[in-house]
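Working notes, structure below.
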């Protein structure tokens, strides 16, 4: 039987054996060709490299981007920018300067190579699957390990094949395709799976269209998303003046998938995800007419030239509604230059758009916060509670067409109605990216030679601290349940983003003060009261830790004394991050066990070191209610060793020093 694209990529990078030797769920080790870090997570990665005493990265290419924390309201963010620049020079990374653009589209344009592997400390790293890469989002510690030459350890995924047929109708685009997937399925539907798109419908999807879909596969919980590298990808590389980097990869004719889905693109309609989860998707027709206060174009989920150009063609020489803040966030300086040359930027400016610097910006809560209790339409990948910077937000996820149409009318508008309202024809050809694009590499800084790097000192501002080192797991844990939560708690709720919090990303002691304050603003104070008395535990429902890859959501709770977490299920990256920092992730074996525990109960794990080494069942005694139940862990032997050692950094430091 032949291989899928995903299986070929895995097979080519396995440390041992072939894909035929593994079953889904088995731990596999993959060689990583590239790494990607951004500033919200990269500062911690660089501190981890320093703690491990690494000299130079061992990958073919590693790149550090400054795209998230661009607001400079005091010294903390600019200090970290200088730190990241010095770390990139010292350790041997490409460095993308502040304002150069969002990591994912810039990396795809300048560094991505079909058939290569990449791990990134950003959950939307799988966007690179648009060009036939196997790109996986992970916690920063896993990325630091890859930089040190270690393989990435993941569970062997199932391959979910999605066949695309037909062609998108006018006024529909790639964002509607991935929203359709989210409408059909849930935010944890693809856990431990790779989604692979194929079929005749691919012919009409550009590389940046595929980027949109691959980027938001993360919102389905997927390990990654892949597309074949075909003629469309070859055209992309020709346009980017990188023809020699193109490599072809496609599924074998007799390849089979573990699961199968079909989407007829001609049946796609404009869709919208209502608050406050990406899978809360309905047709725009069902909610049209509701007044809006913001319409937002840009982000890694809609980063292409056409995503801005189509909005520019829609607004044309018209003024957007005077109640609407029309925010345009260019995703790269290169895209911005081409939009300017071709007149699209002028159209956006004339329409009343507010043009922001090239970066993530409001997607991560860094500026452009919406008004309280007012609808904000955004082309971003997520609408988790409080992610926007406004606690009482009403963020809806939409396509650029829907966002631009609604900016004109001041209410949620199906873009197909623009022909009747304003006489606007669908601007398909007018918005297409030209072949003769401006290439911009000027704000990418290459690292010096290894000899020159030896003398470089890390540039540390006063806000940059060290990575905490935690002790080994004791034989017994007796911890109160400090917080009990429900389903789909995101990393934005565990440790929120935004302009108030993210500047402390390199200072764990300070950032820990915001831990779980979206859920319970007393959590920090209560945790600190008992941190030195054995710590605490937390209890949660399904899909705990969905969303961002930021390891702060595991590290900050551990700093406050979280010793173990029991949930119905965990999101993949957060589960790995917990193990990386010595927090034991346990899972309930029945809903009744979850229901019976009360917040405030004391839970005891006796002989826990031997229990987690001997098997996957762990006896948990509820001391308060005087009963015992059995939880389980799904850790590998390697991860158990990490838990026992107090975290991966302890193991890696010892390995590199010997």
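Using the empirical formula 2.2 N^0.38 Å as the baseline, the Cα radius of gyration of region 9-158 reaches a ratio of 1.05. Based on alpha carbons, the Rg and Dmax found for region 585-631 are 10.7, 29 Å. You can think of it this way: the chain between residue 420 and residue 525 has 32.1 nm of extra reach, that is 0.36 nm per residue less the Cα-Cα gap.
Multiplying the residue separation of residue 435 and residue 242 by 0.36 nm and subtracting their alpha-carbon distance yields 68.2 nm. Among 640, 395, a tally of other beta-carbon atoms within 10 Å of each Cβ gives an order, fewest to most, of 640, 395. Placing a pseudo-label 7 Å from each Cα along the Cα-to-Cβ vector at residue 269 and residue 373 gives an inter-label distance of 3.1 nm. The value for region 5-267 of Rg(Cα) / (2.2 N^0.38 Å) is 1.00. Using the Cβ-Cβ distance between residue 11 and residue 391 with R0 set to 41 Å, the FRET efficiency works out to roughly 0.30.
With one equal scatterer per alpha carbon and no solvent term, the Debye-computed log10 I(q)/I(0) for region 1-82 at 0.20, 0.24 1/Å reads -0.96, -1.13. Residue order for 173, 569, fewest other beta carbons within 10 angstrom first, comes to 569, 173. Expressed as a whole percent, the proportion of Cα-Cα pairs in region 271-417 lying more than 27 Å apart is 11%. If the chain linking residue 454 and residue 607 were pulled fully straight, counting 0.36 nm for each residue of separation and taking away their Cα-Cα distance, it would gain 50.5 nm. Above 20 Å, the calculated P(r) of region 358-412 contains 19 percent of its Cα-Cα pairs.
Note on the chain: helix-only mean residue ellipticity at 222 nm, from DSSP H runs of 4+ residues weighted -39500 (n - 2.57) and normalised by residue number, equals -8000 deg cm²/dmol. Applying 1/(1 + (r/R0)^6) with r as the Cβ-Cβ distance of residue 446 and residue 638 and R0 = 51 angstrom yields a FRET efficiency of 0.90. Using a simple spin-label model with pseudo-atoms 7 Å out from Cα toward Cβ, residue 167 and residue 203 lie 0.8 nm apart. So if R0 is 45 Å, what FRET efficiency would residue 651 and residue 18 give, r being the distance between their Cβ atoms, rounded to the nearest 0.05? Once the sixth-power term is evaluated, E becomes 0.95. Counting every C-alpha pair in the chain, the share spaced more than 31 angstrom apart comes to 50%. Taking the average, over residues, of other Cβ atoms within 10 Å as the packing measure, peptides 214-227, 97-110 rank 214-227, 97-110 from highest down. Here region 477-657 is treated as an ellipsoid with the same Cα gyration tensor; its semi-axes, largest first and in whole Å, are 23, 20, 15. Derived from the Cα gyration tensor, the three semi-axes of the equivalent ellipsoid of region 85-131 are 20, 13, 10 Å, largest first. Ordered by the number of other Cβ atoms lying within 10 Å of each residue's own Cβ, fewest first, 651, 511, 136 fall into the sequence 651, 511, 136.
Coordinate-derived values only; no laboratory data. From a predicted model like this one, the values you see are computed outputs, not experimental measurements. Counting neighbours? That spans all protein chains shown, and the Cβs are built from the backbone with ideal geometry, glycine included.
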